[in-house]
């Protein structure tokens with residue numbers, strides 16, 4: 001019996017599971033979501049948001065507010081939000097898929113895939129280093145004056161880690177951007193095309209885009225700046241598509257969470273690639289770093305989850321140690337990731353043991369702790385109703 005046959009059998013069996021009689025009703029879900037997110041919207045002046053929970057094959061959806069204040073357009077399940085760094089989870093899926101297809105190894109050095117960077121500190125990093133923020137202190141952003149690929153490569157050749165910097169975890173759009181470029185090159189395609197053809201289409205994510213088509217622009221929400229409250233959308237930038245450039249709606253993001261939970265059947269190489277992105281690679285104080293996804297013990301305390309999503313985890317280098325063996329198991333694990341742009345804030349988390357996941361998408365960059373706490377409470381309440 002093949003792995004695919006086993007996986008399909010498990011998937012079919014999962015569909016036959018009946019929901020417990022105590023499953024939260026739609027009315028109860030709407031009430032609980034409103035209780036948690038209406039105050040958040042009020043406190044942070046959030047124009048609109050969409051929240052979804054997937055639990056044992058059932059989807060709950062909550063939408064509130066406006067996608068476009070000026071045009072008085074309400075948020076709906078079709079509304080497209082900027083994903084910010086949630087985009088990185090798609091990037092690493094592409095890289096893991098390239099490994100599944102024998103086009104590269106995640107243990108390859110950057111210099112092997114980009115010869116222009118051989119014999120440099122960046123070139124000595126592995127692709128897995130890039131996927132887990134173990135980049136010797138590469139900065140969060142590409143410098144503003146870097147406007148071309150040639151200028152980017154020149155800067156990367158010249159870049160040197162600060163004295164005394166080792167293998168700390170340093171959250172970086174630069175490192176994940178390089179990974180995306182390398183993975184796409186392995187497929188012989190530009191990044192946006194590779195992601196579309198190799199990942200988004202096969203996963204049936206038809207409302208997830210690097211570049212929103214003209215025919216879908218009416219669905220694309222405006223974000224609103226935290227300082228000036230102006231309507232904004234993400235600006236083009238070096239490595240933007242790879243690091244923070246995707247837009248999606250709540251239905252596609254719940255489907256992506258279902259795929260990560262293993263409850264939605266997808267082509268075998270992609271299912272294996274998704275599983276690879278879950279493997280724990282590096283230990284930090286609050287969580288184990290997988291390929292972009294952050295692994296917490298389940299059940300996890302509120303304090304530990306908030307510590308792992310504190311701003312310092314993205315803005316400051318953190319002590320970390322590479323595990324001797326990658327953690328491949330998913331039992332007793334909550335997977336978590338936030339995503340932000342100047343005008344948008346999102347969050348996704350899922351627990352394979354419980355077959356549950358949550359997604360929040362908002363057109364305001366809500367503080368990380370606030371969006372994580374509200375989403376986590378909603379996830380807990382859905383679970384408690386079903387027990």
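The values are calculated or read from the model by the stated rules, or taken from the named source; none is laboratory data. Worth saying up front: this structure is predicted, and the values here are computed from it rather than measured. Counting neighbours? That spans all protein chains shown, and the Cβs are built from the backbone with ideal geometry, glycine included.
Residues in region 110-122: is at least one within 23 Å of the chain's Cα centre (by Cα) and either in contact (Cβ under 8 Å) with a residue 60 or more places away in the chain or surrounded by fewer than 20 Cβ atoms within 10 Å (Cβ to Cβ) (or both)?
The answer is yes; a qualifying residue exists.
In this structure, is residue 234 modelled with pLDDT of 95 or more, surrounded by fewer than 22 Cβ atoms within 10 Å (Cβ to Cβ), in a loop (DSSP other than H, G, I, E, B) and under 18 Å from the mean Cα position of the chain (by Cα)?
yes
What number goes with the only condition from (1) surrounded by 15 or more Cβ atoms within 10 Å (Cβ to Cβ); (2) assigned to a loop (DSSP other than H, G, I, E, B); (3) in contact (Cβ under 8 Å) with a residue 60 or more places away in the chain that residue 202 does not pass?
Every listed condition holds for residue 202 apart from (1).
For residue 355, only one of the following conditions fails: (1) touching a strand residue (DSSP E or B) at 6+ places or on another chain (Cβ under 6 Å); (2) crowded, with 18+ Cβ neighbours inside 10 Å; (3) farther than 14 Å from residue 51 by Cβ. What is its number?
All conditions pass for residue 355, except number (1).
Might you check whether a residue that is touching a residue at least 60 places away in the same chain (Cβ under 8 Å) and farther than 27 Å from residue 105 by Cβ occurs anywhere in region 284-293?
no
For residues that are in contact (Cβ under 8 Å) with a residue 12 or more places away in the chain, over 14 Å from residue 70 (Cβ atoms), assigned to a loop (DSSP other than H, G, I, E, B) and over 19 Å from the mean Cα position of the chain (by Cα), tally how many sit in region 212-224.
Qualifying residue count for the region: 0.
Looking at region 308-318, can you tell me whether even one residue there is more than 30 Å from residue 221 (Cα to Cα) and part of a loop (DSSP other than H, G, I, E, B)?
Within region 308-318, one or more residues are more than 30 Å from residue 221 (Cα to Cα) and part of a loop (DSSP other than H, G, I, E, B).
Is it fair to say residue 272 is within 23 Å of residue 128 (Cβ to Cβ), under 14 Å from the mean Cα position of the chain (by Cα) and modelled with pLDDT of 95 or more?
Values: within 23 Å of residue 128 (Cβ to Cβ): yes; under 14 Å from the mean Cα position of the chain (by Cα): no; modelled with pLDDT of 95 or more: yes.
The answer is no for residue 272.
Matching residues to (1) over 22 Å from the mean Cα position of the chain (by Cα); (2) surrounded by fewer than 19 Cβ atoms within 10 Å (Cβ to Cβ):
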| site | (1), (2) |
| --- | --- |
| 35 | yes, yes |
| 50 | no, no |
| 59 | no, yes |
| 71 | yes, yes |
| 75 | no, no |
| 78 | no, yes |
| 83 | no, no |
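For residue 342, only one of the following conditions fails: (1) modelled with pLDDT of 95 or more; (2) assigned to a loop (DSSP other than H, G, I, E, B); (3) closer than 30 Å to residue 25 by Cα. What is its number?
(3)
Hey, among 174, 142, which residue is in contact with a helix residue (DSSP H, G or I) (Cβ under 9 Å, 6 or more places away or on another chain), in a helix (DSSP H, G or I) and under 15 Å from residue 243 (Cβ atoms)? Don't jump to the end; show me each part of the working.
Values: 142 fails: in a helix (DSSP H, G or I).
Exactly one of 174, 142 is in contact with a helix residue (DSSP H, G or I) (Cβ under 9 Å, 6 or more places away or on another chain), in a helix (DSSP H, G or I) and under 15 Å from residue 243 (Cβ atoms), namely 174.
Kindly check whether there is at least one residue in region 345-358 that is within 17 Å of the chain's Cα centre (by Cα), outside any strand (DSSP E or B) and over 20 Å from residue 288 (Cα atoms).
no
Is it true that some residue in region 172-195 is in contact with a strand residue (DSSP E or B) (Cβ under 8 Å, 6 or more places away or on another chain) and surrounded by 17 or more Cβ atoms within 10 Å (Cβ to Cβ)?
Step one: list which residues in region 172-195 are in contact with a strand residue (DSSP E or B) (Cβ under 8 Å, 6 or more places away or on another chain), which gives none.
No, every residue in region 172-195 fails to be in contact with a strand residue (DSSP E or B) (Cβ under 8 Å, 6 or more places away or on another chain) and surrounded by 17 or more Cβ atoms within 10 Å (Cβ to Cβ).
Please find, among 336, 340, 375, 312, the residue that is closer than 28 Å to residue 248 by Cα, free of Cβ contacts under 8 Å to residues at least 12 places away in the same chain and touching a strand residue (DSSP E or B) at 6+ places or on another chain (Cβ under 9 Å).
312
For region 259-307, how many residues meet the condition of being under 20 Å from residue 243 (Cβ atoms), in contact with a strand residue (DSSP E or B) (Cβ under 8 Å, 6 or more places away or on another chain) and in a helix (DSSP H, G or I)?
1
Quickly run through region 1-55 and pick out the residues that are modelled with pLDDT of 95 or more and in a loop (DSSP other than H, G, I, E, B). Don't jump to the end; show me each part of the working.
Of the residues in region 1-55, the ones modelled with pLDDT of 95 or more are 24-55.
Hits for region 1-55 are 24, 25, 44, 45, 46, 47.
Considering 229, 251, 240, 258, which residue is over 26 Å from residue 59 (Cα atoms) and crowded, with 16+ Cβ neighbours inside 10 Å? Don't jump to the end; show me each part of the working.
Details: 229 fails: crowded, with 16+ Cβ neighbours inside 10 Å; 251 fails: over 26 Å from residue 59 (Cα atoms); 258 fails: over 26 Å from residue 59 (Cα atoms).
The unique qualifying residue is 240.
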